[in-house]
Structures are given as C-alpha cells and as structure tokens.
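The values are calculated or read from the model by the stated rules, or taken from the named source; none is laboratory data. Just so you know, these numbers come straight off a predicted model, no measurement behind them. All Cβ positions, even for glycine, are placed from backbone atoms using ideal geometry, and neighbour counts span all protein chains on display.
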Amino acid sequence: MVRVGVIQHAPVLLDREATLRQMETLVSQAVVDGAQLIVFPESFLPGYPSWIWRLAAEDDYVVLASLHARLLENSVSLKKGALEAIMRSCQEAWGCDCHRLRRARR
C-alpha cells in the first residue's frame, strides 16, 4: 500500500519563488511523515485566480489585465526548469528520477 501525502496548504499567491520554497518545505515534511506519493492542489502554482469571480471583465479591465499578467509571470515553465528544486527534493527523498516531469519538458 502506498502512503499518500495530500497537501492542503495555501500558496504564496502570485509569487512562484516563495511558493516553490514553501513546496520544498512541505515535501520534506511529508517525506518525514512517511509519504511515498505527494500531491498538491491543481493550481497551487501560481495560485488559483479567485478574482475572476469577483471582478467584472469590462469594468475592471485594467485590474484584471494586471492580475492576469502577474499570474502568467508566476506560472511554471518546465522548459525553464522551474521545478528543478522540487525534483531534487524528491530524488533525494526517494531516489527517483522524476521521469514524468523530465519527459514533459522535452
């Protein structure tokens, strides 16, 4: 049986680097707690754009454009190696090579 660590923690909204550091800490703690598989919420990076439900597209265009630009800036690019530190943490913890992430970057 596989022990799964389900991370239910808020990211540092619109701050990829701070959220990645937080992820490293959370991965390390989950490993210490015995997790063999760790899952994060779907939009943990760069964070869920909850403002889309509160702002009006036409009336709040300038604010929305700024928020969406920040969302894009803080999104993950596997080709740019954004998850390398997380992959190293997993490799150190389990000796895995993060095969699926590496294949996705090709």
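For region 25-58, which positions are closer than 23 Å to residue 81 by Cα, of a type in the set (A, V, I, L, M) and not in a helix (DSSP H, G or I)?
37, 38, 39, 45
Out of 69, 30, I need the residue that is under 18 Å from residue 3 (Cα atoms) and at pLDDT 90 or above. Which one?
Just one listed residue meets the conditions, 30.
Within region 76-86, can you find the residues that are assigned to a helix (DSSP H, G or I) and surrounded by fewer than 16 Cβ atoms within 10 Å (Cβ to Cβ)?
Scanning region 76-86 gives 78, 79, 80, 84, 85.
Just for region 5-21: of the residues that are small (Gly, Ala, Ser) and surrounded by fewer than 16 Cβ atoms within 10 Å (Cβ to Cβ), which one is nearest to residue 72 (Cα to Cα)?
Across region 5-21, the extreme among qualifying residues is 18.
Can you tell me which condition residue 22 does not meet? The list is (1) within 19 Å of residue 3 (Cβ to Cβ); (2) modelled with pLDDT of 85 or more; (3) not in a loop (DSSP other than H, G, I, E, B), and all the others hold.
Against the list (1) within 19 Å of residue 3 (Cβ to Cβ); (2) modelled with pLDDT of 85 or more; (3) not in a loop (DSSP other than H, G, I, E, B), residue 22 comes up short only on (1).
For residues in region 22-59 being more than 18 Å from residue 69 (Cα to Cα) and free of Cβ contacts under 8 Å to residues at least 24 places away in the same chain, which is surrounded by the fewest Cβ atoms within 10 Å (Cβ to Cβ)?
Looking at the filtered set, the residue picked out is 42.
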